[in-house]
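All of the numbers you see were taken from the coordinates with simple rules; none came from a lab. Note that this is a predicted model, so its numbers are computed, not measured. No Cβ is skipped: glycine too gets one built from the backbone with ideal geometry, and neighbour counts run over all protein chains shown.
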Amino acid sequence: MPSNKSVSDAPILQFTNCRILRSHQLQREDLWVRDGKILNPEKLFFDEKGSADIQLDCKDSIITPGFIDVQINGGFGVDFSLATDDFKSGIDLVSQKILSHGVTSFCPTLVTSPPSVYHQVLPQISIRNGGAHGAGILGAHLEGPFISKEKKGAHPEHCLRTFEAGAFQDLLATYGSLDCVRIVTLAPEMKRSSEVIQELTKRGICVSLGHSVANLSQAEEAVQHGATFITHLFNAMLPFHHRDPGIVGLLTSDKIPAGRRVFYGMISDGIHTNPAALRIAHRAHPKGLVLVTDAIAGMGLAPGRHTLGQQVVEIDGLNTYIAGTKTLSGSVATMDTCVRHFQEATGCSVETALEAASLHPAQLLGIEHKKGTLNYDSDADFLMLNDGLYVQATYIAGEEVWRQDALGM
């Protein structure tokens, strides 16, 4: 029978004494990794007669798929919506620092900006795998500028745009290129949005509904044309009303095409949504909930004044406002904090909380065959957590890329 070497020269790692999140349950079994992938130990034993080269005792840690943040505007003084000469070093810094939050891949997010900013910044964002250098980049999330003036939130009004005669061509002219774009947030009540949604969907770009005054039938029509996501549910949209629940009504709509799931982002930081609102959404549609940080440049920095694209924002504790107003503008929460808050606020299982930050965003982006699970042959992007859901170590492609020092554990 062949030895390990005939299949691959890569060492086989066996993580022991752990509880693995697999098939929606924490299971007490070992995790096997080779060549950056999760290995099926039965195939290894029976087909290859192989065994582990390295065994690691996880000391009863939880092992969960790495977190995926599909809405993050920056952090640590870096603002993805600012066109700077050292933009690449900024994105590298953020991707490195968020490893400690358990984020193994993310979508750098740009808020509403002038076309010149998109034209300068987007060519500098490249889709790439994660590693010791930082979390992987799945593509950009463009939040605006095709959004509602009434629900602009922290987006600068003078940069907002509508779809004119060209519709999709207007969008292309604004962004310059869609090469690295993964998600576009737009307001579905805008004229000609349906054809734009169809064109984006055709290109494999996820369309998200947000910063909008859409009623439920407009939102349902957008989903029928291909939209699959809601940007930060409850924030920057019409509040739920019993006669017309607006975009929020998509959570229990009976007009969603068969076989389609609508996902929705939630900023579970204790500021953007009351715990009761979090519980309502989760109980109404648990399989669609995607935790996002919506983090801004001030994440990881001291309180004070920072930027969000064209705006100045003030951080006061966990609150972030457009300077001089009480308009919320993004968050300074980290992804692991959002997971813990979500679990505490809803009383959901540990498995459910972890899947909202891993499996669900992977399903939203259609990458669940390789990210967001610990299934055999998927990417070995995973975290070691303690029972309080604090990150102890982060692994990408089976390589340890961050570990809590001995003092911090």
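Assorted remarks:
- Dipole magnitude for the chain: computed about the Cα centre from +1 point charges on Lys and Arg Cβ and -1 point charges on Asp and Glu Cβ, it is near 700 debye.
- Cβ screening of the chain for cysteine pairs under 4.7 Å finds these without a partner: Cys107, Cys159, Cys180, Cys206, Cys338, Cys348.
- Partners of Lys326 within straight-line reach, counting aspartates and glutamates whose Cα lies under 14 Å from its Cα and excluding those fewer than 8 residues away in the same chain: Glu314, Asp316.
- A simple count of charges around Glu368, restricted to other residues whose Cβ falls under 14 Å of its Cβ and scoring Lys, Arg +1 and Asp, Glu -1, yields +1.
- For the stretch 206-350, the Cβ-based charge dipole about the Cα centre amounts to some 260 debye (Lys, Arg positive; Asp, Glu negative; other atoms uncharged).
- Cα gyration tensor category, rounded, prolate or oblate, for the chain with a/c compared to 1.5: prolate
- On the beta carbon distance between Ala132 and Asp9, with R0 = 22 Å, the FRET formula returns roughly 0.65.
- GNM top mover of Asn235, Asn319, Asn274 - the chain, alpha-carbon springs below 10 Å: Asn274
- Local electrostatic count, Ile68, Cβ distance below 12 Å [Lys/Arg +1, Asp/Glu -1]: -2
- 11 Å beta-carbon shell around Ala353, net charge (K/R +1, D/E -1): -3
- Rounded, prolate or oblate (a/c below 1.5 giving rounded, otherwise prolate when a/b exceeds b/c) for the stretch 301-409 by Cα gyration tensor: prolate
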